[in-house]
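The structure under discussion appears below in the form of structure tokens.
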Amino acid sequence: MRDDLAVFRDVGRVHALAEAIARLDPGRPVRLMHVCGTHENALCQFGLRDLLPAWLGLVAGPGCPVCVCPASDLDLAARLAMDPRVVLATFGDVVRVPARTSLAAVRARGADVRIVYGASDAVALARALPAREVVFFAVGFETTACTTAAALQADPPANFSVLCSHRLVPPALDALLGLPGVAPEGFLLPGHVITVTGLSAYRDLASRRPIAMAVGGFEPVDLLLALKDLVEQVADGRPRVGNDYPRAVRDGGNPAAIAAIAQVFEARDAAWRGIGTIPASGLGLRAAFAGRDAAARFGLVPDPEVPDTTPGCRCGDVLLGRLEPEACPLFGSGCTPDVPVGPCMVAFEGTCAARYRHRRL
Amino acid sequence: MCLAVPMRLTTIDGVEGRAEVQGVGRTVRLDLVPGATIGDWLIVHAGFAIQVLDAAEAAEVMAMVAVALEGGPP
Ligand code: SF4
């Protein structure tokens, strides 16, 4: 399989696919959206947009879970971290994201903030530090939510709890389609999210709102196959849900992962940074796991006064695909990955960060 | 943090295993892929295997691409 990966990057195949897409020219502009930071990174890394015909636009939507994590949740995490009993464990990208403060800033003031690779590492930390309270700040889409769920089901020690900020992709797509000036003609669906969830939620969405959808993987051939599928759907006016990443995506997803999410979490209305509240788009712990809720354990509630965005930052527009990062007045001058103003420049999957890393010099 | 990478499962020890890619190895939790066996290619995310890659499907996609390259029906 690994050897096969080379064929998914083969230049001849990539160019032939790009030409096959160009031949589908419908004689008008077509605007598609992806909702995955890893897609943005692959598009930039392999220079794929340069291969696409001028009539085909592919904008980035809210596909970076760190970027959409609301400032009030980041603030809650920072306040938890300031509690001397607490060791706050989370993903590296989350630590640097600016809100009212950042986890990096409170760490500099003495808070015990640790970077972990995932929930199971945070559980291991809790085992290693039995006298401390380890709080895992859980950010991410379904791909990550299933790992948090599995860690909680594996009977972690009593000093382990979770601050849960997981988000779900389908309700966000539904919401985007209702926003004027945002709705694309087709969604390039995030391969790894759908590896977990399968396609049923997207078929439901398609039955309510006809729109082209295709699941794409992350190698150039995978991505171009999905784009070709989307353009074909748009051109023939028969939207469907295509699976162009079948080596990872099964129709029913990963049943064990779906069950883990369903047993541990329930859907709740949730805020997306720069976008607002989207119904049933977040995950909260079910009653059986309420004892693992870090906010309840430490008696903290979100502060509604925390400003969601930084003045001057256009992340809200970038996250909705309304603005190309390069068009933000701060891009590359006032805002760089070293000195980020907004979340989209901090996270590896942020659209601004991906564009900056791969900018032409 | 959302990066998920393909890795090959080399050993299994209960609910954990060891997976490798290009000489880099790490421990992965296998809770979510109960059927995984040694030699499988896994998608690994945040320390957990979240799916087993299907080699037959990978070959099929390539066959599809070959057809597309010849200008035949997609
Ligand atoms: S370039 Fe910086 S300031 Fe502008 S939208 Fe992106 S993150 Fe925000």
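Nothing in this text is a laboratory measurement; each read-out follows from the coordinates by a stated rule. Source: prediction; values computed, not measured. As a convention, Cβ positions derive from the backbone with ideal geometry for all residues, glycine included, and neighbour counts pool all protein chains shown.
The table below lists the values:
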read-out	value
Residue-by-residue Karplus 3J(HN,Hα) for the range A:56-63, coefficients 6.51, -1.76, 1.60, Hz, glycine and proline x	9, x, 10, 9, 8, x, x, x
Peptide ranges B:21-33, A:189-201 listed from the most packed, as the mean C-beta count within 10 angstrom indicates	A:189-201, B:21-33
Distance between modelled label sites at A:L300 and A:L129, nm, 7 Å Cα→Cβ extension	1.3 nm
Helical mean residue ellipticity (222 nm; -39500 (n - 2.57) per DSSP H run of 4+; nearest 500) of chain A	-11000 deg cm²/dmol
Ordering of A:52-61, A:129-138, B:7-16 by packing [mean C-beta count within 10 Å, highest first]	A:129-138, A:52-61, B:7-16
Residue-by-residue Karplus 3J(HN,Hα) for the range A:37-54, coefficients 6.51, -1.76, 1.60, Hz, glycine and proline x	x, 5, 4, 4, 4, 5, 4, 6, 4, 9, x, 5, 4, 5, 8, 7, x, 4
Antiparallel DSSP beta bridges within the range A:205-344, as percent of all bridges there, nearest 5	65 percent
Shielding by partners - mean other protein chain Cβ count within 10 Å, residues of A:135-144	3
Sites A:D204 and A:L179 - FRET efficiency at Förster radius 25 Å, r taken between beta-carbons, to 0.05	0.80
0 to 90° range, to nearest 10: angle between helix A:11-22 axis and chain A longest Cα axis	70 degrees
In Hz, Karplus ³J(HN,Hα) per residue of the range B:32-44 (6.51, -1.76, 1.60; θ = phi - 60°; x = Gly, Pro)	9, 10, x, x, 5, 10, 4, x, 5, 8, 10, 9, 10
Built amide H within the under 5 Å cut-off of B:Q51, gap 5+	B:I43
For chain A, built as a Gaussian network whose Cα springs stay under 10 Å, the top-fluctuating residue of A:G274, A:G47, A:G282	A:G47
Projected area, mean over directions - chain A, Cα convex hull, nm²	18.4 nm²
Chain A: relative contact order in percent, alpha carbon pairs under 8 Å with at least 6 residues between	22 percent
Projected area, mean over directions - the range A:119-277, Cα convex hull, nm²	10.8 nm²
Bridge type composition, the protein assembly as shown - antiparallel percent by DSSP, nearest 5	45 percent
Relative contact order (%) - criterion: Cα under 8 Å, at least six apart; region: the range A:73-144	36 percent
Average partner coverage of B:36-48, which counts Cβ from other chains inside 10 Å	5
FRET efficiency, A:A54 to A:D155 (Cβ-Cβ, R0 60 Å, nearest 0.05)	0.60
Distance (nanometres) between label positions extended 7 Å along Cα→Cβ at B:V24 and A:A104	2.1 nm
Kirkwood hydrodynamic radius over Cα pairs of the range A:37-194, then Stokes diffusion coefficient at 37 °C and 0.692 mPa s, in µm²/s	189 µm²/s
Shielding by partners, peptide B:22-33 (average Cβ within 10 angstrom, other chains)	4
Amide proton proximity set for A:F136, modelled H, under 5 Å, gap of 5+	A:A89, A:S161, A:V162, A:L163
Among A:27-36, A:139-148, the order from most to least packed when residues are scored by Cβ within 10 Å on average	A:139-148, A:27-36
Amide hydrogen neighbours beyond the local backbone of B:D40, cut-off 5 Å, H modeled	B:L9
